[in-house]
Amino acid sequence: MKDPTTFPLALSQANAQLLARIAELARTGGQQWYELVQRLVNDGLVEGGTEVQEILRAQDWQRLLSLPADACLRQLQQRFGDQQATTQIVVAAQASFARGLQEAVKAWQKETVQALGNTALALPPGAAPWAELFKPWEQFLPKPAAGDAAPAKKATAGRRK
């Protein structure tokens, strides 16, 4: 027979592990977003510096007047490429977060079911209030071994007489 008093500790540990994993996923995702924004800002600064250098190098009015149109076309092309790269990074980051969260929840469910199973198997026959608590989880709980089920039935049958 297992000890039902370990349930609160096991459940608390499962919850703490879930929270720790979610916090790690949030930290990793935040780091990815920070790196993306930093890259975009740096690219913008480099482009701005390039445009200023072109203005300084312009030797005549005609060249100076053509710079805004040239810069607009160049930025349009650059933004299109940046948008594709950014979209790929964002989709990959979100997919990674979703996969990690799904794995964390599955691990939490498994640990919770194990804790519930250990407690449910340790309950004495006739613990009706606790049986109602475990009823929704019964489909996930491990089935008692054939040797474990027989003594419980005998004890219950003996009490009815």
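The values are calculated or read from the model by the stated rules, or taken from the named source; none is laboratory data. Since this is a predicted model, take the numbers as computed values, not measurements. All Cβ positions, even for glycine, are placed from backbone atoms using ideal geometry, and neighbour counts span all protein chains on display. Protein only, heavy atoms only, side chains kept; ligands, DNA and RNA dropped before computing areas. Shrake-Rupley method; radii C 1.70, N 1.55, O 1.52, S 1.80 Å.
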All-but-one check, Trp61 against (1) under 31 Å from the mean Cα position of the chain (by Cα); (2) among the aromatic types (Phe, Trp, Tyr); (3) exposed (fewer than 12 other Cβ atoms within 10 Å of the Cβ), failing number (1)
State the number of residues belonging to the range 86-109 that are free of Cβ contacts under 8 Å to residues at least 60 places away in the same chain and surrounded by 13 or more Cβ atoms within 10 Å (Cβ to Cβ).
-> 4
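Taking Gly49 as the residue in question, decide whether it is under 30 Å from Phe97 (Cα atoms) and open to solvent by less than 50 Å² (accessible area, probe 1.4 Å).
no
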Could you grab me the full set of residues in the range 81-113 that are closer than 27 Å to Pro8 by Cβ and among the hydrophobic types (A, V, I, L, M, F, W, C)?
-> Leu101, Ala104, Val105, Ala107, Trp108, Val113
Any chance you could count how many residues in the range 9-30 are open to solvent by less than 80 Å² (accessible area, probe 1.4 Å) and farther than 20 Å from Gln102 by Cβ?
-> 3
What about Gly81, is it modelled with pLDDT of 75 or more, of a type outside the set (S, T, N, Q) and under 25 Å from the mean Cα position of the chain (by Cα)?
-> no
Val52 vs. criteria at pLDDT below 80 and out of contact with any Pro (no Cβ under 8 Å at 6 or more places or on another chain) = yes
